[in-house]
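Presented below is the structure to which this report refers.
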């Protein structure tokens, strides 16, 4: 009898956990906002992606806390022109493990739900030439927002935007400021209903 009760509790807990668990992927356009001696350096957006998992924790009717864990690519295209010639054309690719924590509102919108979310993210650079050369710090901290819809209680589509709030340039790069910034389109699937 005790074994049956334990099994029922275990399966019930697993089903409850699965209700809020999901996977997501995004196509993004990222850039690096770069300033040297208060002069903006010309950079161009770079197509990237991220992929990860999330878990929605209900805190009140229609309100959730949504921690995520993602592998996220960021970067930019640097182009330096002088005297009508391109002196430098370089792609900066940065890979991060990123942990956003979004405060999420899911309100009824006909048969679907509208999604509005915002919150901070913390990221750690795991690969990229600029990390290996000690030009950029691996830690990044910033903010994210999202706006979208959830269909059938499981599939979601959302626009997202994020911006870094701290300078990732190493201290020995005098008078330099570098931050990640970007936006994109996210597709998600939440298990359970």
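FYI, it's all coordinate maths here, none of it is from the lab. Source: prediction; values computed, not measured. Glycine also receives a Cβ, built like all others from the backbone with ideal geometry; neighbour counts cover every protein chain displayed.
Given a Förster distance of 30 angstrom, what is the FRET efficiency for residue 109 paired with residue 42, based on the Cβ-Cβ distance and rounded to 0.05? Once the sixth-power term is evaluated, E becomes 0.15. Sorted fewest first by neighbouring Cβ atoms within 10 angstrom, 29, 102 come out as 29, 102. Treating each Cα of segment 21-190 as an identical point scatterer and summing with the Debye formula, the log10 of I(q)/I(0) at q = 0.08, 0.19 Å⁻¹ comes to -0.28, -1.16.
A straight chain from residue 134 to residue 116 at 0.36 nm per residue would run longer than the Cα-Cα distance by 2.8 nm. Fewest neighbouring Cβ atoms within 10 Å first, the residues 40, 35 line up as 40, 35. Extension gain for the segment residue 166 to residue 124, taken as residue separation times 0.36 nm less the Cα-Cα distance, is 13.8 nm to one decimal.
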